[in-house]
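**Q** I'd like to ask you about the structure that follows.
The values are calculated or read from the model by the stated rules, or taken from the named source; none is laboratory data. Computed from a predicted structure; not experimentally measured. Cβ atoms come from the backbone with ideal geometry, glycine included; neighbour counts cover every protein chain shown.
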Protein chains: 4
Amino acid sequence: MSSEFGNALKVSVFGESHGDAIGVLMDGLPAGEAVDPDALQRFLDRRRPGKNILETARSEADVPRLLSGITGGRTNGSPVCAMIENRDARSGDYASFSDKPRPSHADYGAFVKWGGMADMRGGGHFSGRLTAPLCIAGGIAKQILARRGIFVGAHLSSVGAAADDPFPLFPEAPLFDAIAAKDIPVIKDTAGEGMRTEITSAAACGDSVGGTVECAIVGLPAGLGDPMFDGMENRLAKAVFGIPAIKGLEFGAGFAMSNMRGSEANDPFRAEDGKVTTESNNNGGILGGITTGMPIVFRVVIKPTPSIALPQRTVTLPDFENTELEIKGRHDPCVALRAVPALEAAAAAVALDMLLEEGKL
Amino acid sequence: MSSEFGNALKVSVFGESHGDAIGVLMDGLPAGEAVDPDALQRFLDRRRPGKNILETARSEADVPRLLSGITGGRTNGSPVCAMIENRDARSGDYASFSDKPRPSHADYGAFVKWGGMADMRGGGHFSGRLTAPLCIAGGIAKQILARRGIFVGAHLSSVGAAADDPFPLFPEAPLFDAIAAKDIPVIKDTAGEGMRTEITSAAACGDSVGGTVECAIVGLPAGLGDPMFDGMENRLAKAVFGIPAIKGLEFGAGFAMSNMRGSEANDPFRAEDGKVTTESNNNGGILGGITTGMPIVFRVVIKPTPSIALPQRTVTLPDFENTELEIKGRHDPCVALRAVPALEAAAAAVALDMLLEEGKL
Amino acid sequence: MSSEFGNALKVSVFGESHGDAIGVLMDGLPAGEAVDPDALQRFLDRRRPGKNILETARSEADVPRLLSGITGGRTNGSPVCAMIENRDARSGDYASFSDKPRPSHADYGAFVKWGGMADMRGGGHFSGRLTAPLCIAGGIAKQILARRGIFVGAHLSSVGAAADDPFPLFPEAPLFDAIAAKDIPVIKDTAGEGMRTEITSAAACGDSVGGTVECAIVGLPAGLGDPMFDGMENRLAKAVFGIPAIKGLEFGAGFAMSNMRGSEANDPFRAEDGKVTTESNNNGGILGGITTGMPIVFRVVIKPTPSIALPQRTVTLPDFENTELEIKGRHDPCVALRAVPALEAAAAAVALDMLLEEGKL
Amino acid sequence: MSSEFGNALKVSVFGESHGDAIGVLMDGLPAGEAVDPDALQRFLDRRRPGKNILETARSEADVPRLLSGITGGRTNGSPVCAMIENRDARSGDYASFSDKPRPSHADYGAFVKWGGMADMRGGGHFSGRLTAPLCIAGGIAKQILARRGIFVGAHLSSVGAAADDPFPLFPEAPLFDAIAAKDIPVIKDTAGEGMRTEITSAAACGDSVGGTVECAIVGLPAGLGDPMFDGMENRLAKAVFGIPAIKGLEFGAGFAMSNMRGSEANDPFRAEDGKVTTESNNNGGILGGITTGMPIVFRVVIKPTPSIALPQRTVTLPDFENTELEIKGRHDPCVALRAVPALEAAAAAVALDMLLEEGKL
């Protein structure tokens, strides 16, 4: 039940951080779609660990093996399964705290839920590593969407106090490409420098830092989605909250609308050349769960990496006695950085699912 | 597809604002549960329109008729269907703008999606009125949960610039009851007065104002939920974004965590009398999608009521020419006010669904 | 979970035989479809009780009230809810055996499952009466399909030893209409007379008799359906086994194929005027779960009405002592008779769901 | 959408007959369950091709690799993915008829559905080979069930005119084991000899022959299942019709009930030592979709292997001209033989899913 999303296109993620393999099953892809493995690899490389000093030292090539559903470079209509073998898994690093749940990690809940049977080495099935298979699914979805003029992009919109500019009213694919090519995926390079400082200074203290990511989908038609519980917002939320460490999600102006008047928040419609747009996009391209044809824009908050070098208070399992914990291991000081492609992947998979479900691809 | 949520307990909402009836179908309720119609009515009355001058003048008794699934005051194991007949539907008020989509309403997307066939009088199936059947489902869920010591409460946490106190670390049922008894459901009465001023001053300008609502579920066991895409956050999100006008959702400290360090954001575990809690609740009682046993705490933003008296720019349908629109009708100047019980309803239905699915009720 | 089927078009049935009302919720109907209430009523009248001496004496007008989803005689895109109020419910007839499960009825399983909380008067949610709301859904689906040249028909293919002819290789709508107009819905009238004798002679002994129904869907395109677990056969099965008393289902030649050779059972393809058909239809128009463009043909067996006047051995509840039971009440001596329109309804709903899901309507 | 079944335990099958790998994803298994790889292999060996002259000459070791979800020989609560690499795939055999759909195979429907993009070598995703991953899932389920005293067994009940005895009223595990150990899995060995003659004589003519399989689940509690569309029959049907070549399914006395009277078909209840059974089991252990505590008994018909050596009439693709086809390749003359463990697998997965969903494992 747990590790699947989508209606017409079901995406199911499997694997544990230190198990044999991680992977994804995609059931419902249209047949005849070319899958370019090089482009897919380039997308996966954007979230791959070990690229630079801001990220965990774990080194994984993360080259997926496509087991099914693709013949001669094209989808064949049957389910696509892809796997990545885990190679550089040093479980020893984690053994020491199997009996001490790490604060802000899933360890304690998992212990209660599965009575100690879960494989929690490296976070197990809860690990950020599981965003790699999500990125396989999303990377394939992005290729299919791009062929129809639909593009998904994201950027780090803030780390600590350092903030990037927001996306313009009509972001376009070249901007997404330019951001994706940067070490720190931002619009404004000076913002990226500020973020680098936030991250290195947190890391220097054995600490970590949070951030936000803004994501946009452009090119979707108006009229996509459903009212109430299966609209664009609900579906993006279901997928997006599957990415570890995300604790909030807002569309368009989001929480800022709490302090707006209607006259300010409402997006006036405007017609030009037989095409309808809105003059602002405070609703993030979604009204009543249904797309307006404007870019879909949402922002998430990613909490500071819970694994920090500083000592923390916790309890012993299964005896529940107070104790302290020091985490060694290898950890990103700011997981927001690597969440950027994962957000794009989730958004692309949701957009493709909705187009497929409504026969609009 | 659109109007249903839940796994073990499916909640399906039907009806249009100006149709014959609105209602809800609940499939999966446990058998033998007493349903107190008076308590249910009191809960429904909290969202009923026309209670005071801050709300729409539409007057509906909103007394549900239970059509099935209940025998002798108890659930009998088969699906519960409940309906509310629409009585005070003055469609004339709305007829004038069927050809002019109201900014920040679903009108335009619905027009594109259904080619003008949707019944959009009063917002149709997108109307805030559809939270009444949601509240029937949630009201029944609340009764079932309360019997197990699980309580759901919410308060207006802000309207415009006027902000209430947040919930304490361990909110309890009497606090929820005290809030629910107030005209403006807040913790701190002076905050309520500030909100009243925000609302009346917006209304006086023919305008509306946004707000936020904080909601808590207390008494849930640790270990409830699933990793990745079907955790507590994903499920609450799917339900909550079904409530009209909600544009953002955050758990625990939420967006504030973007500017925290891990050492500050992490919630240290503490054991006392064989029970594990956390010293803070920045994660809102959820880690990796799974409950920690701490209160589930989340906050939503509700945009300003899109229907305002001020003239707005829009386009004509189906010709797409620029024009202006003035909305008469009856509208709450601040829909956040009536979203409070709807939030509780969504949260209660989700919590009950999860308990049922895991056999933990 | 229990009372719903369909993917793109969800059909959820609610109500109990002796409760306030029975009904159906249909979520996913296309917008703009005319619903002719007279044609719907004529279809419902085909399953209505009390038409002739072969059927139960319970008299219900069974006129549905459409609560939502229809405006000006057309679907509006939001969920359609329809209800039928129960009027002629004489629960007294059933009270005597609430503590003695009726053999071949759901009573015992329901007692164990719901601990005596189920409303089993008249069979409760398990009653054949619940096929009335199924027929509302199917009747609406039939109207939508007929507009596209897709027709669903069924006939009693046997009662006891009396057997009707099978459908011809290419059955057509006029044949379906002719069958539907008969008291006993058969192709060959002499077969109908034989069935009448079977039924009246069983009834005269205080007994009941079983039968089979053959159903066909004509006009569906080739290429509809999915491999493995969501093909045409799987979906029809899921819906069809929801009709009480059905204990078997076969497609095309069905069980007769166990004694065929491949050379005999295989349906040779033939092309004519650019159109592909098969020379025989032993596979019932489905290969690998996918339609071939030939008529979909399936047959079900309906067990003898479990409620008989003859004394039967059973046990007491909740003490489990051996006892005897005599059933009074009002019962059809052959439920197969009234299952005919229910089969058509289930088949129509499934066909419409599949067309909608694949964007082929 | 297509290749998944189950509610609490989702089983998703992937792969093509001549692709890289076939496999299965199981999401929802309980944590802490031992998985014995040797016992699993023994179960898989029962359906492995190439064991004897009655079966296809394709030789595959079919040793599954468990990629995730299992740690130290026990399920860890996260999804289990298992794969089998395809080794002995001689696609050349199949190349000749990619433009001529084989009668009674899915080729034509797949061509229409996927516009020639499907990988139909060896039947592709429709191949009987896909029952291998189903057997992995079922084999694991069987181990989990057996630990609770729940056993699943099946036997060839007929091939052509040669018929085995039916299961006794209360079949037990040793009988299942004895059947499984035989080359031809029957109760009565002389029946097996008759079946061998049927198969070899069909094979000698370049032809194939159909059969039936009877399957039983013993040890399930009463009260399991749901009314209407999600009962035991509906769920078994959804899974069972996913096994290629199955064209009919009946529970208990099944189609024979069409010619029974109620007094004969009804199963009288009897209490002994505080336990309720029925004196006969014409309903196959299911009433109203809910288990009675009696053995679940069902029978399926498996059509003759569609691939025969005899020449057949078909059409050319994509031009639709009449032509002939001769199939070389390697094929079982009677697929019913190898369907026996696949039936057990489907039944075990369904039973486990239902127990998990109702918290009754």
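**Q** Can you pull out the residues in the range D:47-72 that are modelled with pLDDT of 95 or more and in contact with a Pro (Cβ under 9 Å, 6 or more places away or on another chain)?
**A** Answer for the range D:47-72, where residues must be modelled with pLDDT of 95 or more and in contact with a Pro (Cβ under 9 Å, 6 or more places away or on another chain): D:Pro64, D:Leu66, D:Ser68, D:Gly69.
**Q** For the range D:237-280, which positions are at positive phi, free of Cβ contacts under 8 Å to residues at least 40 places away in the same chain and not charged (D, E, K, R)?
**A** Correct list: D:Gly274 only.
**Q** Then there is this: Kindly provide the set of residues from the range C:266-317 that are of a type in the set (S, T, N, Q), closer than 14 Å to C:Ala216 by Cβ and in contact with a Leu (Cβ under 9 Å, 6 or more places away or on another chain), ordered by number.
**A** Passing the criteria: C:Asn281, C:Thr291.
**Q** Also: Which numbered condition in (1) surrounded by fewer than 23 Cβ atoms within 10 Å (Cβ to Cβ); (2) within 14 Å of chain B (Cβ to nearest Cβ) is the only one that A:Gly219 fails?
**A** (2)
**Q** Facing chain D (nearest Cβ under 7 Å), more than 30 Å from D:Gly160 (Cα to Cα) and in contact with a strand residue (DSSP E or B) (Cβ under 7 Å, 6 or more places away or on another chain): does that describe C:Gly254?
**A** no
**Q** I'd like the residue in the range B:98-135 that is of a type in the set (A, V, I, L, M, F, W, C) and in contact with a Lys or Arg (Cβ under 7 Å, 6 or more places away or on another chain) and, out of all such residues, is nearest to B:Pro244 (Cα to Cα).
**A** By that ranking, first place goes to B:Ala132.
**Q** Pick out the one residue from C:Ala178, C:Ala173, C:Ala202 that is over 20 Å from the mean Cα position of the chain (by Cα) and either hydrophobic (A, V, I, L, M, F, W, C) or surrounded by 24 or more Cβ atoms within 10 Å (Cβ to Cβ) (or both).
**A** C:Ala202
**Q** What's the number of the only condition in (1) free of Cβ contacts under 8 Å to residues at least 40 places away in the same chain; (2) at the interface with chain D (Cβ under 7 Å from one of its Cβ atoms); (3) in a strand (DSSP E or B) that C:Asn283 fails to meet?
**A** Every listed condition holds for C:Asn283 apart from (3).
**Q** On to the next question. Return only the number of the condition from (1) touching a Ser or Thr at 6+ places or on another chain (Cβ under 8 Å); (2) of a type in the set (Gly, Ala, Ser); (3) under 30 Å from A:Pro227 (Cβ atoms) that B:Gly262 does not satisfy.
**A** (3)
**Q** Looking at the structure I just gave you, is A:Ser2 under 20 Å from the mean Cα position of the chain (by Cα), closer than 22 Å to B:Gly288 by Cα and more than 10 Å from chain B (Cβ to nearest Cβ)?
**A** no
**Q** Does B:Thr314 satisfy being more than 24 Å from B:Leu236 (Cβ to Cβ), facing another protein chain (nearest Cβ under 9 Å) and not hydrophobic (A, V, I, L, M, F, W, C)?
**A** Yes, satisfied.
**Q** So the check is Cβ under 8 Å with 6+ separation or different chains; which pairs have a first residue in the range C:219-236 that's under 17 Å from C:Leu361 (Cα atoms) and a second one that's at pLDDT 95 or above and polar (S, T, N, Q)?
**A** From residues that are under 17 Å from C:Leu361 (Cα atoms), the pairs are C:Leu220/C:Thr291; C:Pro221/C:Thr291; C:Ala222/C:Thr291; C:Ala222/C:Thr292; C:Gly223/C:Thr291; C:Leu224/C:Thr291; C:Gly225/C:Thr291; C:Met232/C:Thr291.
**Q** Same structure again: Among (1) crowded, with 19+ Cβ neighbours inside 10 Å; (2) modelled with pLDDT under 95; (3) out of contact with any Phe, Trp or Tyr (no Cβ under 7 Å at 6 or more places or on another chain), which single condition is B:Pro318 missing?
**A** All conditions are met except number (1).
**Q** Which fully enclosed strands (runs of 3 or more DSSP E) of the range A:292-361 have 1 or more residues being under 21 Å from the mean Cα position of the chain (by Cα)?
**A** Qualifying strands (runs of 3 or more DSSP E): A:296-302.
**Q** Looking only at residues that are buried (at least 23 other Cβ atoms within 10 Å of the Cβ) and of a type in the set (D, E, K, R) in the range C:262-304, which one is nearest to C:Glu233 (Cα to Cα)?
**A** Among those residues, the one meeting the criterion is C:Arg299.
**Q** Which helices (runs of 4 or more DSSP H) does the range B:184-276 wholly contain that include 3 or more residues that are more than 21 Å from A:Ile243 (Cβ to Cβ)?
**A** Because the criterion is at least 3 residues that are more than 21 Å from A:Ile243 (Cβ to Cβ), the helices (runs of 4 or more DSSP H) in the range B:184-276 that meet it are B:189-204.
**Q** Of the conditions (1) free of Cβ contacts under 8 Å to residues at least 12 places away in the same chain; (2) touching a Phe, Trp or Tyr at 6+ places or on another chain (Cβ under 8 Å), C:Val301 satisfies every one except a single condition; which number is it?
**A** (1)
**Q** Can you find, within the range B:321-341, the residue that is nearest to the other protein chains (Cβ to nearest Cβ) among those that are surrounded by fewer than 16 Cβ atoms within 10 Å (Cβ to Cβ) and touching a Pro at 6+ places or on another chain (Cβ under 8 Å)?
**A** The extreme case among them is B:Glu324.
**Q** Provide a single number: the residues in the range B:232-251 that are at the interface with another protein chain (Cβ under 7 Å from one of its Cβ atoms) and within 14 Å of A:Gly252 (Cβ to Cβ).
**A** 4
**Q** Restricting to the range B:23-41, count the residues that are facing chain C (nearest Cβ under 7 Å) and either of a type in the set (A, V, I, L, M) or within 19 Å of B:Ala346 (Cα to Cα) (or both).
**A** Matching residues across the range B:23-41 total 5.
**Q** Here is a follow-up. Among the residues of the range D:181-194, which ones are over 13 Å from D:Ala216 (Cβ atoms) and among the aliphatic types (A, V, I, L, M)?
**A** Once the filter is applied, which keeps residues that are over 13 Å from D:Ala216 (Cβ atoms) and among the aliphatic types (A, V, I, L, M), the range D:181-194 yields D:Ala181, D:Ile184, D:Val186, D:Ala191.
**Q** So A:Val209 clears everything in (1) among the aliphatic types (A, V, I, L, M); (2) over 28 Å from A:Pro174 (Cα atoms); (3) more than 7 Å from every other protein chain (Cβ to nearest Cβ) except one condition, right? Which one?
**A** Among (1) among the aliphatic types (A, V, I, L, M); (2) over 28 Å from A:Pro174 (Cα atoms); (3) more than 7 Å from every other protein chain (Cβ to nearest Cβ), A:Val209 violates only (3).
**Q** Keeping to the range D:232-267, report how many residues are more than 19 Å from the chain's Cα centre (by Cα) and not basic (Lys, Arg).
**A** 13
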